[in-house]
1. Looking at the stretch 1-44, which of its residues are part of a helix (DSSP H, G or I) and of a type in the set (F, W, Y)?
2. Can you name the residue in the stretch 23-44 that is under 12 Å from A7 (Cβ atoms) and hydrophobic (A, V, I, L, M, F, W, C) and is also most open to solvent (accessible area, probe 1.4 Å) among such residues?
3. State the number of residues belonging to the stretch 45-70 that are open to solvent by less than 70 Å² (accessible area, probe 1.4 Å) and either assigned to a helix (DSSP H, G or I) or of a type outside the set (A, V, I, L, M) (or both).
4. Of the residues that sit in the stretch 90-103 and are under 16 Å from L13 (Cβ atoms) and among the hydrophobic types (A, V, I, L, M, F, W, C), which one is surrounded by the fewest Cβ atoms within 10 Å (Cβ to Cβ)?
5. Being modelled with pLDDT of 90 or more and of a type in the set (S, T, Y) narrows it down to one of S69, S113, so name that one.
6. Tally the residues that are exposed (fewer than 13 other Cβ atoms within 10 Å of the Cβ) and at pLDDT 90 or above, restricting the search to the stretch 80-89.
Amino acid sequence: SGNSVSAFALLRLYHLSQKQNFLDVATKIMESQAQMAAENPFGFGYLLNTISLFIQKPVEITIINTENSEICKSLLLRYLPNSMMVMIQDKEQLDGLAKFPFFAGKLFEEKTSVFICKDFTCSLPLHTLDEINSSL
């Protein structure tokens, strides 16, 4: 439903921006529908996915410099249901997003760097598939 999609989008926006109002509205939507979703889970699949994302907290994956197509393709093809993935292609794009906490402290390097974050704690830059796979 529209409410479920809105809650999901607002929850993701909260994780990217850390703006409390996004989380507040998403929480109100989830709370208002939770009882009905518990009574009829087949009718509230999207809302239940949103609640799951809210409870489990997403794995946040940032790919900076998409030059290494092998790393990008590997992450895009991988099934990561409770994750948020953002791809930054160039330094200007990263500079434009630097005002958001999700991107704070991340630098653009000459090679593809991947940051894997959980609960707003990020890994060091990862540069190989082995490093990335072991962190996921």
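The values are calculated or read from the model by the stated rules, or taken from the named source; none is laboratory data. From a predicted model like this one, the values you see are computed outputs, not experimental measurements. Cβ placement follows ideal geometry from the backbone for every residue including glycine, while neighbour counts extend to all protein chains displayed. To get the accessible areas, we keep the full protein, side chains included, count just its heavy atoms, and leave off ligands, DNA and RNA. Shrake-Rupley method; radii C 1.70, N 1.55, O 1.52, S 1.80 Å.
1. Residues of the stretch 1-44 part of a helix (DSSP H, G or I): 2-17, 20-39, 41-43.
F8, Y14, F22, F42, listed by residue number.
2. Initially, the stretch 23-44 is screened for residues under 12 Å from A7 (Cβ atoms), giving 23-34, 37, 44.
Still in the list and also hydrophobic (A, V, I, L, M, F, W, C): 23, 25-26, 29-30, 34, 37, 44.
Details: L23: 28, V25: 71, A26: 0, I29: 27, M30: 11, A34: 40, A37: 2, F44: 40 Å².
Top of the filtered list is V25.
3. Taking the stretch 45-70 first, the residues open to solvent by less than 70 Å² (accessible area, probe 1.4 Å) are 45, 47-48, 50-54, 58-66, 68.
Next, only the ones that are either assigned to a helix (DSSP H, G or I) or of a type outside the set (A, V, I, L, M) (or both) stay: 45, 47-48, 50-54, 58, 60, 62, 65-66, 68.
Total meeting the criteria: 14.
4. Quick first cut of the stretch 90-103, residues under 16 Å from L13 (Cβ atoms) only: 97, 99-103.
Now drop any that are not among the hydrophobic types (A, V, I, L, M, F, W, C), which leaves 97, 100, 102-103.
Numbers: L97: 16, F100: 14, F102: 19, F103: 19.
That would be F100.
5. Details: S69 fails: modelled with pLDDT of 90 or more.
Answer to the selection: S113.
6. Of the residues in that region, 0 qualify.
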